[in-house]
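First the structure, in the form of C-alpha cells, and then the observations on it.
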Amino acid sequence: MKLTITGFSNSGKTTVFNALTGLNLATTTYPTVIAPELEPQIGMVKVPDARIERLTAVYNPKKTTYATVEYVDYAGITSGDVAQNTKVFNLMKDADAVVHVVRAFEDESIVHPMQGIDPVRDVKSFEAELILGDLELVEKRLQKIEEQARKGKKQDEADRGLLLKCRKALEDEISLRNLEFTDEEKRLMLPYQFLSTMPEIIVLNIDERDINSGKVKNYQNEIEAYFKAVGQSVIPPVLALCGKIEMEIVQLPADEAKAFLDDLGIDEPAMHKLCRISYDALGLIPFFTVGKDEVRAWTIQKGTTAQQAAGKIHSDIERGFIRAEVVSYDDFISSEEDMNRVKEKGLARLEGKTYLVRDGDIINIKFNV
C-alpha cells in the first residue's frame with residue numbers, strides 16, 4: 001500500500017513524512033512558489049496495532065511482523081504551475097491514496113505561497129488543481145481519438161462517451177468523485193488513473209498552541225462542510241496534528257515520548273492515527289497468524305475469501321487450501337489468551353474457501369502440499 005504525501009509548498013509535508021518514518025530529511029523552505037527539482041523519498045511505516053502487541057506478549061515469538069504502509073514525499077504543488085504540478089501528479093498516480101498536508105500554522109520565517117493562512121481556501125485550491133490535471137488528461141486523450149478517427153481508425157465509442165462525460169463535469173469544476181459511473185465505465189476508467197477519484201486524507205498541520213483548540217475544530221468542520229456542499233458522498237477524513245511536535249516525539253525514547261505526550265494532553269502520537277486512517281481509507285484489514293516462530297499481521301482487502309487470504313502467505317497454500325481454522329481476536333482474549341481454552345468453549349471455527357475473512361481473525365490454514 002502506497003500513499004503520496006503532497007500539498008502546497010511550505011505546508012510541512014516533509015515534516016509530516018519525517019514524523020511518520022522517523023527519518024530526518026531536511027525540511028527545506030522555498031522562498032518562491034517554484035519548487036526545486038527533488039527526488040521522491042520513500043519510507044515504510046508499521047501500522048500500530050495493540051492486538052499485535054498483545055499477541056506478541058502471549059506467544060513471545062522469535063519475530064513480530066506488523067502491517068506496513070509506504071509513504072512517498074516529494075516536492076509540493078504550486079497553484080497555476082502546470083509543469084511543476086504535472087510532475088507531482090504523475091507520481092501521485094502510482095499511489096493508492098493521497099495524504100494532503102494543509103498548512104494551518106503561522107510562521108513569518110516560512111513564506112506561504114498563497115500569502116496567508118486559510119486552510120479551507122487551500123483545500124479548495126488543491127481540489128481545483130486535481131480537476132485541472134484530470135481535464136488536461138481528458139482533452140489530450142479526446143484529441144488523440146479524433147486524430148485517429150480522421151485517419152480512418154475505428155474508435156471505442158464507449159471510451160469516447162466516458163471521456164466526454166468526464167470532460168463535461170471537469171469543465172464545470174466538478175470532481176470525478178462526485179459522479180455516478182456504471183461498472184463498465186469504472187472498468188474503462190482504470191487505465192487513466194484520474195487524480196480526482198483517488199482516496200484522500202487531509203492533514204491539518206497546526207501550531208503547537210492550537211492543539212486541542214476550538215480553532216482547529218472549526219477548520220475541520222468548514223472543510224467537511226465544503227465537501228458536502230460540492231456533493232461528495234465520501235468525506236475525506238480530516239486529521240489535525242502539529243508536524244513539528246510529532247517530528248520531535250518520534251526521535252525520543254519511548255518513556256520520554258510518553259511523558260512529552262502526557263504534558264501536551266495527547267493520548268498517542270497523531271502519526272499512529274494517520275497510519276490507521278491510511279489503512280482504513282483503502283478498505284484494508286489485517287488477519288493474524290501466531291506461533292513461537294512469528295506473530296504476523298497480513299494485509300488484505302475487505303471482502304477477501306479465506307482461500308485468497310491464504311495466497312497472501314504463499315501461493316502454494318492458496319492452491320492446496322483445504323480449510324481454515326479461525327478464531328476471532330476478541331474470543332481469544334476472552335478465553336484467557338489460550339487456544340486450548342478457545343476450543344473447549346467451541347469458539348474455534350472451521351471455514352471453507354469462500355469464508356470472508358474478518359478484521360482481526362487469527363487463522364491457521366490447513367492445506368495439501
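Readers should treat all values here as calculations from the given coordinates under stated rules, not as data from a laboratory. Predicted model, so just to flag it, every value in this text is computed and none were measured. Every residue, glycine as well, gets a Cβ built from its backbone with ideal geometry; the counts of neighbours run over all protein chains shown.
Things to note:
- Projected label points at Asp316 and Lys353, each 7 Å from Cα along the beta carbon direction, are separated by 2.0 nanometres.
- Given the chain, longest segment not containing exposed loop GluC sites (Glu not before Pro) (DSSP; at most 15 other Cβ within 10 Å): 181-335
- Separation of segment 237-294 from segment 155-224 is 26 Å, based on Cα centroids.
- Two-site FRET efficiency, Ala128 against Ser334, from Cβ-Cβ distance with R₀ of 45 Å, rounded to 0.05: 0.30
- Restricting attention to the chain, close to 50% of DSSP beta bridges with both partner residues there are antiparallel.
- Separation between Cα centres of segment 298-368 and segment 67-109, rounded to whole Å: 38 Å
- Note on Gln251 and Glu224: the extension gain reaches 6.5 nm, defined as 0.36 nm multiplied by sequence separation minus the Cα-Cα distance.
- Once the Cβ-Cβ distance of Gln155 and Ser79 is raised to the sixth power relative to R0 = 35 Å, the FRET efficiency obtained is 0.50.
- Remark: spin-label model distance Asp262-Glu39 equals 4.3 nm, labels positioned 7 Å along the Cα→Cβ axis.
- Between 0 and 90°, nearest 10: helix 119-150 axis offset from the chain longest Cα axis: 80 degrees
- The gain in end-to-end length when the Asn90 to Arg121 segment is fully stretched comes to 8.8 nm, 0.36 nm per residue minus the alpha carbon separation.
- Ranking of Val250, Val98, Val47 by count of other Cβ atoms within 10 Å, fewest first: Val250, Val47, Val98
- Computed about the Cα centre, the dipole magnitude for segment 2-281 is approximately 1020 debye when only Lys and Arg (+1) and Asp and Glu (-1) carry charge, each at its Cβ.
- C-alpha long axis of helix 214-229 to longest principal axis of the chain, angle in °: 70 degrees
- Taking amide H as placed 1.01 Å from N in the peptide plane, Ile362 has its amide H under 5 Å from the amide H of Phe288, Val327, Ser328, Tyr329, each at least 5 places away in sequence or on another chain.
- For Lys217 and Asn60, the FRET efficiency from 1/(1 + (r/R0)^6), where r spans their Cβ atoms and R0 equals 45 Å, is about 0.55.
- For the residues Pro199, Pro61, Pro236, a GNM of the chain with alpha-carbon springs under 10 Å puts the largest fluctuation on Pro61.
- Phi to ³J(HN,Hα) by Karplus 6.51 cos²θ - 1.76 cosθ + 1.60 over segment 359-366, Hz, x for Gly, Pro: 4, x, 4, 9, 10, 10, 9, 8
- Built amide H within the under 5 Å cut-off of Ser9, gap 5+: Ile77
- One decimal place: the segment Lys144-Glu325 gains 59.8 nm when fully extended, by the rule 0.36 nm per residue minus the C-alpha distance.
- By other beta-carbon atoms within 10 Å, ranking Phe287, Phe105 with the fewest at the front produces Phe105, Phe287.
- Principal-axis tilt of helix 157-171 within the chain, Cα atoms, nearest 10 degrees: 70 degrees
- Expected 222 nm ellipticity per residue - DSSP helices of 4 or more, -39500 (n - 2.57), all of the chain, to 500: -13000 deg cm²/dmol
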